[in-house]
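Here, each number is a calculation from the coordinates, and none is a lab measurement. In this text the structure is predicted, and so the values were computed from the model without any measurement. Counting neighbours? That spans all protein chains shown, and the Cβs are built from the backbone with ideal geometry, glycine included.
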Amino acid sequence: MKQTVVLGGGVIGLSIALKLALEGIEVTLLEKQTCGGQASGAAAGMLAPFSEIGEDPDDFFELCLAGLREFKSWQQLVNDISGMDFDYSEVGSLHCVYHEADLLSLETRKAWQEKYGAEMTILYQDQLAEQEPLLSKDIIGALYNSEEAHVYAPDYVKALEQACIKKGVIIFEELGDVSLAELEGTITLVAETGQTFSAQTLIVATGAWAHLQADRFHVKLPLYPIRGQICAYQFEEQRLNHIIYTSQGYLVPKANRTIVNGASEDIAGYRTDVTEKGIQRLLNWNKRMMPMLEEVEPFHTWAGLRPATQDGFPFIGRLTDYPNVYFACGHYRNGILLSAITAEVVKQELLGQELAISLESFRPERFT
Ligand SMILES: Cc1cc2nc3c(=O)[nH]c(=O)nc-3n(C[C@H](O)[C@H](O)[C@H](O)COP(=O)(O)OP(=O)(O)OC[C@H]3O[C@@H](n4cnc5c(N)ncnc54)[C@H](O)[C@@H]3O)c2cc1C
């Protein structure tokens, strides 16, 4: 069990590293730049499986729901070990609609989502105005979910990193690209800085870059970076009480009195710059959620690369031909939500334990 190397220091790599370290496994984590410097530090931090899913439940929804329920005890553990707070807030969400015809779809969502133990209520305009006086009057109804929550993603990453360090994970940052040299038996990795590392077990958690490592194992991993542009508003006091979710965008109220407004989905290769067009799209829509936003300028804009997969499902688990190699990547819009459950199932598979959730739909070799 020695020399377990986790490649990639986003939320997925850090969560797996921490989970394994808690089992007494010696873990080294290798990061090209800084931990959380890519998608993970850019996220809005929503833990919202019910809002994110389309009309019907599938295996991905079940994974996301397990992620939400796993997160509750996980965030407490990370908080306790790191001594760092990251604004885990069980504020609930409002899934809002604008047209009479969509009220029916809210009822359909409520009916099937309640079967998964969610506490849900449909709120109409008067009730909505009581709960969220600043929402647009164009919103004619919303499905309230009491269970959805959020974290402040940049602080969650810092807390994970600190917890890893406290539990003995050795973290190397600023390594440049780490590539795979020797693959048979003990795996050798070489960093651009010249350092070499050997791994008896390798876990690849390199987000939108993981297909580059998969090629070396002859595994086809159709993975694409989808840029998310996002912005935030600062207020003297918090103006919202819930996550506001619509088909075209969302608002997330943070404890630091900011409101995070996301997010675009555009294809721009590996570019993480913010464009006028991308932010303008957010501004055009956000006044339809909360009209007062038209009067204020965002104080911060940024972008990150979501790791998207061809079928929308992440890649999680051990490789058949290389049983000492695991992949955990492709979490697209839900990597924060899925961090705890991904770490849990990777640990279970690595230790030969019964899996909390079946990985059959998420196997890395399903396109090979
Ligand atoms: C704008 C935006 C909003 C989002 N909002 C949410 C949300 O509300 N809720 C939610 O659950 N998710 C959200 N997401 C998605 C979430 O951020 C991602 O799914 C998640 O962060 C992916 O984590 P990761 O660890 O796989 O990838 P990353 O965070 O990208 O980490 C991968 C790491 O691997 C490193 N790396 C790559 N190649 C190498 C190499 N060769 N050697 C060494 N290191 C390497 C990179 O430098 C990087 O640090 C959002 C994403 C964006 C962009």
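A few comments on the model shown:
- Cβ-defined net charge surrounding Trp209, 10 Å radius [Lys, Arg +1; Asp, Glu -1]: 0
- The chain: antiparallel DSSP beta bridges as a percent of all, rounded to 5: 70
- For the residue pairs Lys137/Lys277; Lys158/Lys220; Lys158/Lys254; Lys115/Lys347, alpha carbon separations beyond 23 Å are given by Lys137/Lys277; Lys158/Lys220; Lys115/Lys347.
- With the Kirkwood sum run over all distinct C-alpha pairs, region 1-151 has a hydrodynamic radius of 17.8 Å.
- Three principal axis extents describe the C-alpha atoms of the chain; from largest down they are 65, 41, 39 Å.
- Under 16 Å from the Leu183 label point (7 Å along Cα→beta-carbon), backbone N, region 330-367: 364-367
- Dipole axis of the chain (+1 Lys, Arg; -1 Asp, Glu on Cβ), positive-most option in Phe50, Val252, Ile267: Ile267
- Compactness of region 88-224, expressed as Rg and Dmax over alpha-carbon positions, Å: 23.7, 65
- Over the chain, relative contact order from alpha-carbon pairs under 8 Å, at least 6 apart, %: 24
- Ranked packing of 214-223, 326-335, 235-244, 100-109, most packed first, by mean Cβ within 10 Å: 326-335, 214-223, 235-244, 100-109
- For region 108-153, average projected area of the Cα convex hull in nm²: 4.3
- 222 nm mean residue ellipticity, helices alone, for the chain (DSSP H n ≥ 4; -39,500 (n - 2.57); rounded to 500): -9500 deg cm²/dmol
- Mean silhouette area of region 296-368, derived from the convex hull of its C-alpha atoms and averaged over all directions, reads 6.7 nm².
- Charged-residue dipole, Cβ positions (Lys, Arg, Asp, Glu), region 7-142 about Cα centre, Debye nearest 20: 360
- If the chain linking Asp138 and Glu173 were pulled fully straight, counting 0.36 nm for each residue of separation and taking away their Cα-Cα distance, it would gain 7.8 nm.
- Our note on the geometry: Cα centres of region 1-34 and region 113-176, 25 Å apart.
- Principal semi-axes in Å for region 236-363 [√(5λ), Cα gyration tensor, largest first]: 37, 18, 12
- Derived scalar couplings ³J(HN,Hα) [region 267-272; Karplus, 6.51 cos²θ - 1.76 cosθ + 1.60; whole Hz; x for Gly, Pro]: 9, 9, x, 9, 7, 10
- For region 164-323, the alpha carbon convex hull comes to 170 Å³ per residue, rounded to a whole number.
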